[in-house]
Amino acid sequence: MDTLVVKIPAVALRGMVILPGMIAHFDISRDKSVKAVERSMMESQKIFLVAQKHVEQEDPGVEDLYRVGVIAEVKQVIKLQNNIIRILVEGQERAELETFPETEEYLLAEILRFDEQAEELPDEIKAAMVRSIQETYSRYQAVNPRAGKELLRQIGAITELDKLTDQIANSIPVAYEEKQKILEAISLTERYEVLMALLLREIEITAIKNEFQAKVKERVDRNQKEYILREQMKLIREELGEDNTESDADTYTAALKKLKADKEVRDRIQKEIERFKSINANSSESAVSRGYIETLLELPWNKASKDNRDIKNAERILDEDHYGLEKVKERMLEFLAVRNLTEKGESPIICLVGPPGTGKTSVARSVARALDKKYVRICLGGVRDEAEIRGHRRTYVGAMPGRIVNGLRSAGVKNPLMLLDEIDKMSSDYRGDTASALLEVLDSEQNNKFRDHYVELPIDLSEVLFIATANSVQDIPRPLLDRMELIEVSSYTENEKLHIAKEHLFAKQAAKNGLKEGQLSVSDGALAHMIRGYTREAGVRGLERKLGEIARKAAREVYENERAQVRVTDQNLEKYLGKEKYSADRRNETDEIGIVRGLAWTSVGGDTLEIEVNVMPGKGEFQLTGQLGDVMKESAQAGISYIRSVSETYKIPKDFFRKNDIHIHIPEGAVPKDGPSAGITMTVAMLSAITATPVRADIAMTGEITLRGRVLPIGGLKEKLLAAKNAGIRTVCVPKKNEKDVDEISAEIKKGLEILFAEQIEEVLAAAFVRP
């Protein structure tokens, strides 16, 4: 196809394409575009119009423009306000942009003009193309009546193929990218194919759109019909006196007027009430809507109770209800002091961790009483469904809010004390992870906008005082643990149990079993004997049950024998409780070889472990029995490796470990045992058996051993020291790095115990071995 190169002023168009034969006007404001028009008017009134690829480009270069544009004649120029010029142009012929020669004032385009007459097609082919385009456009006009019948008549009268394609292209309301494709189709055959594809695509899109519109119209008509019928039914119900829906709606509206809530909440409830009015009272949807409205109206959106700010009163109540638990009481009094100083103060999120029966749940109720807060208990033990926390979506049958929202609903205020009991007993399954759902609840940065799936409105939990309880932090997911302030509630000493029994449990059980003051007395000796011989626990639940057993027997004696008073002493305790259940695990009387007393932590308190080691002729085998866990077995392996590494120091023959078997046994074989804290104990016992050196009977020890004989720190020290004291131990070896933990333990526990701090196993051996 022949081309001619010319230079002509150019304007870059944004979001539009001008085709040959098209008359259009548009506004320009860019300096280069204005100067290009002015230059054109001074010369031949011809200008090159080419579309930008990206509309937002302010100063486009050759690469930012389409390659094919149109040479147009400027018909009219009108100056508007704000330096805007409106021009009227008529497209004349296609041309290809070659380059922009250097000019700063305006775009001067070097273009290639096409000789469009160069393509010769037989008349029959042209006639067929014309007829095909006219028929297709007729179909387009049929599905899109806005095209107009007058335009259809004009198109039907055009017989020249090039004019017909440009006329139709100009009249179709499509994106400028589609018109650019037609502009870039230089040959008639190519232009025909592009236009036909565009027309057929537009016909299909328009047909689909019309189909959707028909469906929407049908649905709207059906809804209108239902509305009219519903209004008629409403009128009929009113005539029959069955208009319960209206009376319920009026009740809800009256309750809404009294509700203390934000505008968003009130608007939502009002919307639901209006919707409820239009629902048939007999439909299932009516019951769902009714339940939802009642839930929203019962929630304490902006209703709060007034806390008791008297810190002395709070301290008195806490001391009245519980003996000990100093850390919990101190933290609550700190919270109250901060609240009084700042008038607000963030509600703490506290997790009480400790063995069963140590008063974690009851202290939460006591805190609520001390602060005059409403008390809500949510038991999370065994909860495995996320919906228990966040609620069910209202699309489900029987949907209901989660436990958090129900707790607020039952409290009636937005600032209660909410106890999350047994938070470590949650689990997860295919219905979701309960612990993950609690992350938002227990995050003080997020819980002011907590969203329950059922309520669907943000609920402020920032003023709720959350107290969680757990027996072990091991079962609480790390992200959840990170959001809570941990307070350890450790095991009670015998003295603490005695005080609790005298000051709290005894009076409670006597009243529970119908005994008046003075009808039953239990001596301190009997209580101490009961704690030692009839219970073995970290808390006081078992002790309370034993006191209940005594109270029941005493009540029977008072009723049957009409006794004025029943006295229980250490001498007649067996009459009421039977034989002792537990004998004290006392230390050995004599120093023995290969037997060492270790200390262990259990979920119900501390315990002592007697580790026995025997050495016998054999083939160098190393045997461990007593249901030991993997960590404990590895500690024993580390201990024997250390002993072998220092065998020359203790004059152990080189072939000893090849010719002898070593057997470690930890009694109570039915009880599983694990952990690294028996490392130094097993090492001392093995070295004692190998070197035939006796170990002091009045010493106990705990600590992790390394291959180089270092003694590493352990946990549960308070419970372990208690167990050692109860067993009659006089000296306890503990790791040097646990010295800070020992300082925090009360003097009552440490009284009578010599505590040795060791960094190396040699220090333990020096204290434990009985030298000749």
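The values are calculated or read from the model by the stated rules, or taken from the named source; none is laboratory data. Bear in mind the structure is a predicted one, so any value in this text is a computation, not a measurement. In this analysis, Cβ positions are derived from the backbone assuming ideal geometry, glycine residues included, and neighbour counts consider all displayed protein chains. Note: areas computed on protein heavy atoms with side chains; ligands, DNA, RNA excluded. Shrake-Rupley method; radii C 1.70, N 1.55, O 1.52, S 1.80 Å.
Of the candidates Lys374, Lys306, the single residue that is closer than 25 Å to Arg409 by Cβ and loosely packed, with under 15 Cβ neighbours inside 10 Å is Lys306. Those helices (runs of 4 or more DSSP H) of region 90-203 that lie entirely within it include none in which at least 2 residues are in contact with a Ser or Thr (Cβ under 6 Å, 6 or more places away or on another chain), without any contact (Cβ under 8 Å) to a residue 24 or more places away in the chain and more than 30 Å from Ser40 (Cβ to Cβ).
Scanning region 690-744 for residues that are open to solvent by 10 Å² or more (accessible area, probe 1.4 Å), more than 39 Å from the chain's Cα centre (by Cα), more than 17 Å from Leu609 (Cα to Cα) and of a type outside the set (Val, Ile, Thr) yields Ala692, Pro694, Leu707, Arg708, Arg710, Lys736. When region 123-140 is filtered for residues that are surrounded by fewer than 17 Cβ atoms within 10 Å (Cβ to Cβ) and not hydroxyl-bearing (Ser, Thr, Tyr), the ones remaining, listed by number, are Asp123, Glu124, Ile125, Ala127, Ala128, Arg131, Glu135, Arg139.
Determine, yes or no, whether Ser635 is in a helix (DSSP H, G or I), modelled with pLDDT of 85 or more and among the small types (Gly, Ala, Ser). So Ser635 passes the test.
Residues in region 398-408 that are open to solvent by 70 Å² or more (accessible area, probe 1.4 Å) and either without any contact (Cβ under 8 Å) to a residue 40 or more places away in the chain or not hydrophobic (A, V, I, L, M, F, W, C) (or both): 1 in all. When region 629-651 is filtered for residues that are of a type outside the set (S, T, N, Q), in contact with a Pro (Cβ under 8 Å, 6 or more places away or on another chain) and crowded, with 18+ Cβ neighbours inside 10 Å, only Met632 remains. Check whether at least one residue in region 425-433 is under 30 Å from Ala528 (Cα atoms) and assigned to a strand (DSSP E or B), and report yes or no. Checked against the condition, which is being under 30 Å from Ala528 (Cα atoms) and assigned to a strand (DSSP E or B), region 425-433 yields no hits at all.
Go through region 260-303 and give me each residue that's touching a residue at least 60 places away in the same chain (Cβ under 8 Å) and assigned to a loop (DSSP other than H, G, I, E, B). Selection gives Leu299, Pro300, Trp301, Asn302, Lys303. Against the test of being in contact with a Gly (Cβ under 9 Å, 6 or more places away or on another chain), touching a residue at least 24 places away in the same chain (Cβ under 8 Å) and among the small types (Gly, Ala, Ser), the options Ala697, Ala724 yield a single qualifying residue, Ala724.
If the condition is being part of a helix (DSSP H, G or I), touching a Ser or Thr at 6+ places or on another chain (Cβ under 7 Å) and either closer than 21 Å to Gly715 by Cβ or of a type in the set (Phe, Trp, Tyr) (or both), then region 750-772 contributes only Ile761. For first residues located in region 311-325 and under 16 Å from Lys373 (Cα atoms), partners that are of a type in the set (A, V, I, L, M) and open to solvent by 80 Å² or more (accessible area, probe 1.4 Å) and lie 6+ apart or on another chain with Cβ distances below 8 Å do not occur. Taking region 562-601 as the range and being open to solvent by less than 70 Å² (accessible area, probe 1.4 Å), within 30 Å of Gln519 (Cα to Cα) and not aromatic (Phe, Trp, Tyr) as the test, the residues that pass are Val566, Val568, Thr569, Asp570, Asn572, Leu573, Leu577, Gly578. Cβ-Cβ under 8 Å, sequence separation 6+ or interchain: first residue in region 329-342 and over 20 Å from Asp319 (Cα atoms), partner in a helix (DSSP H, G or I). Which pairs? Qualifying pairs under 8 Å: Asn340/Ile311. Under the condition of being closer than 21 Å to Glu744 by Cα and modelled with pLDDT of 85 or more, the residues counted in region 298-329 number 0. Residues in region 179-192 that are of a type outside the set (A, V, I, L, M, F, W, C) and buried (at least 17 other Cβ atoms within 10 Å of the Cβ): Lys179, Gln180, Lys181, Glu184, Arg191, Tyr192. Cβ-Cβ contacts under 7 Å between residues 6 or more apart (or on different chains), taken from a first residue in region 207-229 that is open to solvent by less than 100 Å² (accessible area, probe 1.4 Å) to a second residue that is among the basic types (Lys, Arg), are absent.
Within this structure, Ser33 passes the test of being touching a residue at least 60 places away in the same chain (Cβ under 8 Å) and farther than 23 Å from Glu178 by Cβ.
Determine whether region 670-678 contains at least one residue that is part of a helix (DSSP H, G or I), open to solvent by 10 Å² or more (accessible area, probe 1.4 Å), in contact (Cβ under 8 Å) with a residue 60 or more places away in the chain and at negative phi. Within region 670-678, none of the residues are part of a helix (DSSP H, G or I), open to solvent by 10 Å² or more (accessible area, probe 1.4 Å), in contact (Cβ under 8 Å) with a residue 60 or more places away in the chain and at negative phi. Determine whether Val473 is in contact with a helix residue (DSSP H, G or I) (Cβ under 8 Å, 6 or more places away or on another chain), of a type in the set (A, V, I, L, M), on the phi < 0 side of the Ramachandran plot and open to solvent by 10 Å² or more (accessible area, probe 1.4 Å). In short, yes. Scanning for something in a loop (DSSP other than H, G, I, E, B) and among the β-branched types (Val, Ile, Thr), does region 742-749 turn up at least one residue? The answer is yes, given that some residue of region 742-749 is in a loop (DSSP other than H, G, I, E, B) and among the β-branched types (Val, Ile, Thr).
Results for (1) farther than 18 Å from Lys79 by Cβ; (2) modelled with pLDDT of 85 or more; (3) assigned to a helix (DSSP H, G or I); (4) acidic (Asp, Glu), shown as yes or no for each residue.
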site	(1), (2), (3), (4)
Leu4	yes, no, no, no
Ala10	yes, yes, no, no
Met16	yes, yes, no, no
Gly21	yes, no, no, no
Ala36	no, no, yes, no
Met41	no, yes, yes, no
Phe48	yes, yes, no, no
Val55	yes, no, no, no
Asp59	yes, no, no, yes
